[in-house]
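Shown next, in C-alpha cells, is the structure this report addresses.
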Amino acid sequence: MLPLPSLHRRRRTGAVILTAALLAGGLAAVGAPAASAADTGYFVDCDASTPGDGTAQSPWDSLAAIAPPAGGFGPGDAIRLRAGTVCTGSFEAIGDGAAGAPVVLGAYGEGAKPVIAAGGAAQAAVTLRDVSHWRVEGISVTNDADDEQVRSGILVEATGDEVHAGIEIVGNDIADVAGITHRFADGRYVSAGILVKLPAKSSGASGYFDGVLIEDNSVREVRSMGIALTGSPNGDDTIGRNLDVVIRGNVVTRAAADSILVGVSDSPLIERNVSYDAGYDAPNRGAIAGIWAYTSIDPVFQFNESARTQPGPDSMGWDCDWGITGSCTYQYNYSHENAGGFYLECLSCAGPGQTDEPRLIVRYNVSQNEGFVNSANGRVRLEMYNNTLYNPDGEFDIRLPANTLFANNILVGKALKRLDADRGITVSNNLYSGFAAPTSDAAGVSGDPLFVEPGGAEDGLASASAYALRPGSPALGAGRVIADNGGRDYFGNPVSVSAAAHIGAFNGEPVAAPPLPGVETPAGELLVDGGFERGVFGSWRNIWPDDDNFVVPHTTQGDSRFAMQLSVAGHRGVEQKVTGLAPDTEYLLTGYARVINAGEEVRIGVYDAGTTEVYAPVVSTDYQQVSVPFRTGASATSAKVYCLKETGLDIGFCDTLSVRAVASAATPSGRE
C-alpha cells in the first residue's frame, strides 16, 4: 500500500530541488564493481597524459583509442570510464554479451559520473546497433550543437531481420542533446535522449529487441524527445515489435518534445516515471504529450507523474494514439497542470486504419487543474472510472466515444461544458462539485467531496494524498460496482468486485484532516492560514498553473515562521477563495509585503467579490503593512484574496494576510 504521507511534505520547491539535483547528478560517487574471474575489464581515462593499453594500470586515454578484441567485446566484458572525466567523441558497441553476462559500459573510481560528450558530431554519444546483452550504466552523455539534426544521447537500433536481446540502460544522466524539435521536420521521431529504433515496415526488415530495460535515468534539457521507442526513419510503423520492454523510474525534465513515447512494442510496462515541462522552449512543438503510446500492443502505464506539458495542439498528460491494438491502460497515475488537459485518445489520427477495437482503461488516476478529456476519435471501448479530477477554476469538456463506461469519477470544477452521453455511453455514479449534475447521470451525486487538502497536491506521486476523502464525504460507498477493476485504488487500498466502491481514486478508510500544526485561526478570521504557517500551500493556490511561487521558511520579521515567496517573473501570484461572506457587507483585508529590488511591486488585493477589484501596492524592501477595505456585492457570499508580484526582475514576499468583517477588524499579530 502507498501510505498517506505527512502533509508536511516537500513543497513545490521540490521541483526546483529535483532539477538542481539532476543538474548536479554527476556529483554522486561512482564505485567500480568488482569483475569476476571470467570478466575482462577495459579502462579509459580521458585525463591520462599518455596512451595506454586499456588495463587498470595503463588505461586508454580517449574513446578513439578503445580497441576491442577480435570479434568484439564478449560476455562479461566491461568498458569502464574513469569517474570525474570528460571524454570527447562517441562510443559504438561491438560484439555481444550473453544472458546473465552482459557487456557493460560504465564507470570506475570515485567522483562525478564520467561524461561522453559527442559535441553534435555523431548521431549519438553511445550507440548499440544490432547487438545483444549490453548494459549502459552510471555515465553521463551529451550531444550538443548549435544546429538541429537527427541526434540522440543513447541510441539502441536494430537495422535488419535479426532479433536482439538483453538491452539495459540504467542510472545514466542524459542532457543537452541537439536533436529535432520541429513537429513537422524529418527525423522528429528519431531524435531522443534515449532512443530505441526499429526498421520501418516499408524497408521489409523485421528485426526487434526482446528485452529492453530503461530504468532510473535522468533526461533533462534535451532538444528532442526524452525517451522514445519508434520506427525509422520518422516514427514509422514496423513489422517487428519489441518484447519484454520495461521503462521504469526515469525522470524527464524539459524535453523540447514528448517526455516518453512508447511505440512499436508488445505489452510494454511503463511505471514510476516522471515527466516535467514536456515541450519546453520548442520553436514548434506541435502535437505532443507527456507520456504516451502508439503502434503498441497492450501497453500499461502506472504510477507515473506528468506535469506542465507546454501548450500545443494536444499537450495532454496521457495519450493512447494511432496503431494501438488490444488494450491501452492508464492506472494509478498523477497528472497536473498539463496545458492540453488530462487524457487524449487518437487512434484514428494517423497511420494505418484500425485492425481491431481496442479496450482503453483509464482508472484510479488523480488529475489536478486539468479539464479536457478528448477520446471521441477512434473505434474503441473506453472504460473511464474512479478517477479524481480537480479543476476548481476551470470547466470540464469531456468527449467520449460510443459505448463508453464513464463512472465513479469525481469532477470538481466551475462548469460542465460537455459530457457526452449518447451513442450507448453509460454515465453513472459520478460526483459533481461546483456545478449541477447532468441529467444523464441518474445515480450521480452532488456536493463537496471533502478532500483532505483540496488543491494541495504538488510535484510528487505521494502528494496526491491531498485527495483522500474525509469522514462524511458523499463519495464514500456511493460508487457503482465494477467487476474487473484492477483490485486496488491509487493508494494501494483494496477494491471489491462485489461491494460498492467509493467514488474517485481513493477507496480507503476516511482520513481526518490534520490540525494545523501550531496554527490556530483566531475568532473572526476568515482566511485559512493567512500567514502560511503550515509551511504548505493548503487553501492557497497559484493564480496561473505555471507560476513558481513557494512557501519558504522566513523568520526575519516578527514571529512568522513562513512566508509566500513570489516568482521572479512579473505578474505571478497566489490566491485563496474566502467563503461564508455576507452580501453587501464591508470587510477589511490586511497583509504585509516586501520586494527585493526597490521600486518593484507586490500587490495585495481582492476580486470576485461582486464589486470592483481593489488592491494596495507595496514597493518597499522592508515589510510594509497595507489595508484594503472592500464591500461584497448585493448577492455575493465569497471573494478571492490574492498576493501578486506585478513587476520587476527579482522575487517578492507576502505574509500575515487577514480578512475580517469591519466590525471585528483589528491588526493581526505577527508583525511589529
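For the stretch 633-652, taking the residues that are modelled with pLDDT under 90 and open to solvent by 10 Å² or more (accessible area, probe 1.4 Å), the one that is nearest to residue 571 (Cα to Cα) is identified as 646. Pairs are defined by a Cβ separation below 6 Å, a sequence spacing of at least 6 or placement on different chains, a first member in the stretch 157-172 that is farther than 21 Å from residue 250 by Cα, and a second member that is assigned to a loop (DSSP other than H, G, I, E, B) and hydrophobic (A, V, I, L, M, F, W, C); the pairs so defined are 160/205; 161/205; 164/158. Among the residues of the stretch 354-387, those identified as among the polar types (S, T, N, Q) and either open to solvent by 10 Å² or more (accessible area, probe 1.4 Å) or without any contact (Cβ under 8 Å) to a residue 24 or more places away in the chain (or both) are 354, 355, 369, 374, 377.
From the list 202, 315, the lone residue that is of a type in the set (Ser, Thr, Tyr) and in contact with a Gly (Cβ under 6 Å, 6 or more places away or on another chain) is 315.
Picking from residues in the stretch 107-140 that are over 12 Å from residue 91 (Cα atoms), among the small types (Gly, Ala, Ser) and touching a strand residue (DSSP E or B) at 6+ places or on another chain (Cβ under 6 Å), the one that is surrounded by the most Cβ atoms within 10 Å (Cβ to Cβ) is 107. The set of residues in the stretch 85-140 being within 19 Å of residue 245 (Cα to Cα), aliphatic (A, V, I, L, M) and not in a strand (DSSP E or B) consists of 99, 131. Set side by side, the residues 529, 559, 547 differ, and just one is at pLDDT below 85, within 24 Å of residue 467 (Cβ to Cβ) and among the acidic types (Asp, Glu), which is 547.
Would you call residue 475 touching a Phe, Trp or Tyr at 6+ places or on another chain (Cβ under 6 Å) and either modelled with pLDDT of 90 or more or open to solvent by 20 Å² or more (accessible area, probe 1.4 Å) (or both)? Against the criterion (touching a Phe, Trp or Tyr at 6+ places or on another chain (Cβ under 6 Å) and either modelled with pLDDT of 90 or more or open to solvent by 20 Å² or more (accessible area, probe 1.4 Å) (or both)), residue 475 does not qualify. Go through the stretch 566-592 and give me each residue that's open to solvent by 40 Å² or more (accessible area, probe 1.4 Å) and in a strand (DSSP E or B). Result: 572, 577, 579, 586, 588. Cβ-Cβ contacts under 7 Å between residues 6 or more apart (or on different chains), taken from a first residue in the stretch 278-299 that is farther than 19 Å from residue 323 by Cα and touching a residue at least 40 places away in the same chain (Cβ under 8 Å) to a second residue that is surrounded by fewer than 24 Cβ atoms within 10 Å (Cβ to Cβ) and among the β-branched types (Val, Ile, Thr), are absent. Selection within the stretch 593-625: residues that are of a type in the set (A, V, I, L, M) and surrounded by fewer than 20 Cβ atoms within 10 Å (Cβ to Cβ). The member of this set that is nearest to the chain's Cα centre (by Cα) is 596. So which residues in the stretch 430-444 are surrounded by 20 or more Cβ atoms within 10 Å (Cβ to Cβ) and touching a residue at least 24 places away in the same chain (Cβ under 8 Å), if there are any at all? Result: 430, 431.
The one condition from (1) modelled with pLDDT of 95 or more; (2) under 30 Å from residue 221 (Cβ atoms) that residue 21 does not meet is (1). Of the residues 512, 501, the single one that is buried (at least 23 other Cβ atoms within 10 Å of the Cβ), more than 23 Å from the chain's Cα centre (by Cα) and farther than 24 Å from residue 414 by Cα is 501. If you go through the stretch 406-420, how many residues are buried (at least 18 other Cβ atoms within 10 Å of the Cβ) and without any contact (Cβ under 8 Å) to a residue 60 or more places away in the chain? Residues that pass the stated criteria total 7.
Taken across the stretch 229-252, residues that are at pLDDT 95 or above, more than 19 Å from residue 329 (Cβ to Cβ) and of a type in the set (A, V, I, L, M) do occur, with at least one present.
Taking the condition touching a Ser or Thr at 6+ places or on another chain (Cβ under 6 Å), buried (at least 24 other Cβ atoms within 10 Å of the Cβ) and within 28 Å of residue 121 (Cβ to Cβ), does residue 191 pass? Criteria met by residue 191.
The criterion of at least 3 residues that are in contact with a strand residue (DSSP E or B) (Cβ under 8 Å, 6 or more places away or on another chain) and surrounded by fewer than 24 Cβ atoms within 10 Å (Cβ to Cβ) is met, among strands (runs of 3 or more DSSP E) falling completely within the stretch 208-314, by 208-215, 243-248. Inside the stretch 141-167, residues that are surrounded by 24 or more Cβ atoms within 10 Å (Cβ to Cβ) and either in a loop (DSSP other than H, G, I, E, B) or of a type in the set (Gly, Ala, Ser) (or both) make up a count of 4. Output the residues belonging to the stretch 315-329 that are β-branched (Val, Ile, Thr) and outside any strand (DSSP E or B). Selection gives 324 alone.
The values are calculated or read from the model by the stated rules, or taken from the named source; none is laboratory data. Because the structure is a prediction, the values reported are computed rather than measured. Cβ: placed from backbone, ideal geometry, glycine included. Neighbour counts: every protein chain shown. The accessibility values were calculated without ligands, DNA or RNA, using every heavy atom of the protein model including side chains. Shrake-Rupley method; radii C 1.70, N 1.55, O 1.52, S 1.80 Å.
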